[in-house]
Amino acid sequence: MKDTPINYEIVTRHIAESKIRSIGKASIREIKRLINGIEKETGEKFVRMEMGVPGLPATEIGVLAEIEALKRGVAAVYPDIEGVPLLKQEAARFVKMFLDIEVDAANCLPTVGSMQGGFAAFLTFSKIHKEKDTTLFIDPGFPVHHQQHRVLGQKFESFDVYEYRGEKLRAKLESYFSKGNIHSVLYSNPNNPSWICFTDTELRIIGELANQYNVIIIEDLAYVAMDFRKDYSKPGVPPFQPTVAKYTDNYVMLISSSKAFSYAGQRIGLMIVSNKLFNTQAPDLLQYYTTDNVGRALIFGTVYALSAGTAHSTQYALAAMLKAANDGDLDFVEVVREYGEKAKIMKKMFTGNGFNIVYDKDEDDPIADGFYFTFSYPGFTGEALLEEMLYYGISAIALSITGSERIEGIRACVSLVTREQFPTLEARLKKFHESHPV
Ligand SMILES: Cc1ncc(COP(=O)(O)O)c(C=O)c1O
């Protein structure tokens, strides 16, 4: 039997019993279940880096506002599908304060998590022009967005941006756009899983090509303001969170409350639709909706059909958190900065023990420290590495399930790792390094 930090026989048996054909290809939730089982039997705690969940308490301002709204009786009343006016106003203000973008409050829509915003966008935008039936993902990305396409039976294409940073992005995007079948492009910025952040050069290229080829840009800002290399925390004061909205008026932003406000459990996010897109007339929509107006189709066609809006009380929670941030009474960036601090320390432990950071640069700049980082180890594919690391009490996900072509890579999420676990993490990495000399 091998000498590994977690009992070799138990890990091997749990892997076999999980019936997961390849650990590296397993979904995040499957990995979670497997580790729970191993932890239970061995009594050993893993360093858990597989799930991208907030590791901080929910923002109290939101919790209190939600309780108050419930006590006022909102639970008995259907919310308006387009959202409560207070939330819409604060959402538009937030976009002005933290991204320096003007948008009408009418176009700021609550969704059941940003996840529903993506789903609603794909559903609606694939119907705007008959000939444009395909989404393009700038990957690596959030695996569930691919899954949304599969369950919808919709077409998508994707490429790994690793080799196409900076000016190289232009020709790559044009190679897709020029075919005429792409209705939308989705990317997250900062990026899940790699934590790359697009530079202004890249956002400009994306925006210019969106204008030229009439493609909608869905900018997923699940980690808004969390590139800690710059201070995006001061409302109304530059620098602002970079966005493609500076370069095109054909955009939707998805803003999640899950990480910025640690509000994942209440499932509320925002869809911010540009004024131009919201008011676009598209006759092809009439095949599916009673209107040819994009904004109306989105709200009264798609979101109505999905969930008839977003939970009433949580809308008041988000309104209160946004208002506090907009007024400068809540520094939400300072709260989540802890993720970046932890990433910095953890990345050092990995690189000090023979591991490499896979996505390591934004053009010429070293990548930021944040919610995720990616790593590899010489001689391993990501999938094999993931499995081997289970014996060392470290769990993560393989990059191959995120649309990444860096088959050697793994994604680590720092949120659930506590500082108290750092000595354990370091000892396990050291042991791994000793057992796998490079
Ligand atoms: C890039 C990205 N988009 C969207 C989401 C989902 O956000 P929400 O919890 O608001 O549905 C996540 C959550 O991990 C994410 O990482």
| said: Go through (1) assigned to a helix (DSSP H, G or I); (2) out of contact with any Leu (no Cβ under 8 Å at 6 or more places or on another chain) for A324 and report which single condition fails. | reply: (2)
| Output for segment 209-258, where each listed residue is more than 21 Å from N181 (Cβ to Cβ), away from the ligand (no atom under 16 Å from the Cβ) and among the aliphatic types (A, V, I, L, M) | V237, A245
| task | Keeping to segment 169-193, report how many residues are of a type in the set (K, R) and within 16 Å of the ligand (Cβ to nearest atom). | result | 0
| Which residue, of F432, F422, is assigned to a helix (DSSP H, G or I) and closer than 19 Å to D3 by Cα? | F432
| request: Kindly indicate the residue of segment 263-276 that is of a type outside the set (F, W, Y) and buried (at least 21 other Cβ atoms within 10 Å of the Cβ) and also nearest to the ligand (Cβ to nearest atom) among those meeting that condition. | output: G269
| Out of (1) within 16 Å of the ligand (Cβ to nearest atom); (2) free of Cβ contacts under 8 Å to residues at least 12 places away in the same chain, the odd one out for P283 is which? | (1)
| query | Would it be correct to say that V358 is crowded, with 21+ Cβ neighbours inside 10 Å, among the β-branched types (V, I, T) and under 23 Å from G403 (Cβ atoms)? | reply | yes
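Given the criterion at pLDDT below 95, among the hydrophobic types (A, V, I, L, M, F, W, C), surrounded by fewer than 21 Cβ atoms within 10 Å (Cβ to Cβ) and not assigned by TED's automatic domain parsing to the domain that holds I196, identify the matching residue among I397, I407.
Values: I397 fails: surrounded by fewer than 21 Cβ atoms within 10 Å (Cβ to Cβ).
Exactly one of I397, I407 is at pLDDT below 95, among the hydrophobic types (A, V, I, L, M, F, W, C), surrounded by fewer than 21 Cβ atoms within 10 Å (Cβ to Cβ) and not assigned by TED's automatic domain parsing to the domain that holds I196, namely I407.
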| Out of segment 10-36, which residues are over 27 Å from the mean Cα position of the chain (by Cα) and either outside the structural domain of I410 (by TED's automatic domain parsing) or surrounded by 14 or more Cβ atoms within 10 Å (Cβ to Cβ) (or both)? | I10, V11, T12, R13, H14, I15, S18
| query | What is the number of the single condition among (1) of a type in the set (D, E); (2) farther than 28 Å from T124 by Cα; (3) crowded, with 23+ Cβ neighbours inside 10 Å that D200 does not meet? | reply | (3)
| message | Please verify whether D227 is touching a helix residue (DSSP H, G or I) at 6+ places or on another chain (Cβ under 8 Å), among the charged types (D, E, K, R) and either in a loop (DSSP other than H, G, I, E, B) or at pLDDT 95 or above (or both), treating the condition exactly as stated. | response | no
| Can you name every residue in segment 148-167 that is of a type in the set (A, V, I, L, M, F, W, C) and either in a strand (DSSP E or B) or under 28 Å from E363 (Cα atoms) (or both)? | F156, F159, V161
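The values are calculated or read from the model by the stated rules, or taken from the named source; none is laboratory data. These figures come from a predicted structure and were not determined experimentally. Cβ sites come from the backbone with ideal geometry, for glycine too, and all protein chains shown count toward neighbours.
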